[in-house]
Amino acid sequence: MKYLALTGFLAAHAAALRNVMYVDHLPSSDLVSSVTYAIMAFAPSENFNSGSTFTPFESINTFRARFPSTTKIMVAIGG
């Protein structure tokens with residue numbers, strides 16, 4: 001009985017696994033299929049204090065298209 005409970009516990013946690021990828025270059029398509037969070041690296045933090053702008057290495061729409069539709073897209077600040 002305790003093995004059944006342990007199996008259920010592990011199965012519930014395995015379903016919640018997250019695969020995060022920090023991206024500072026263009027990833028190959030075979031690496032992105034299981035990514036749940038893609039984080040575009042890195043927006044310099046001083047840009048947000050000085051009034052200057054940040055231009056990512058590619059547009060967010062192009063970046064988004066590289067990953068499955070379920071992947072969450074973020075931009076890291078600092079680094």
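The values are calculated or read from the model by the stated rules, or taken from the named source; none is laboratory data. In this text, all values refer to a predicted model and were calculated from it rather than measured experimentally. Note: ideal-geometry Cβ built from the backbone for every residue, glycine included; neighbour counts use all protein chains shown.
Of note:
- Counting the residues of region 31-47 that are part of a helix (DSSP H, G or I) and within 15 Å of residue 71 (Cβ to Cβ) gives 1.
- Residues in region 32-73 that are among the aliphatic types (A, V, I, L, M) and surrounded by 13 or more Cβ atoms within 10 Å (Cβ to Cβ): 32, 35, 38, 39, 40, 41, 43, 73.
- Filtering region 1-60 to residues that are modelled with pLDDT under 75, of a type in the set (A, V, I, L, M) and either more than 18 Å from residue 72 (Cα to Cα) or in contact with a strand residue (DSSP E or B) (Cβ under 9 Å, 6 or more places away or on another chain) (or both) leaves 1, 4, 5, 6, 10, 11, 12, 14.
- Taking the criterion of being under 17 Å from residue 28 (Cβ atoms) and of a type in the set (A, V, I, L, M, F, W, C), the residues of region 46-71 that qualify are 57, 63, 65, 67.
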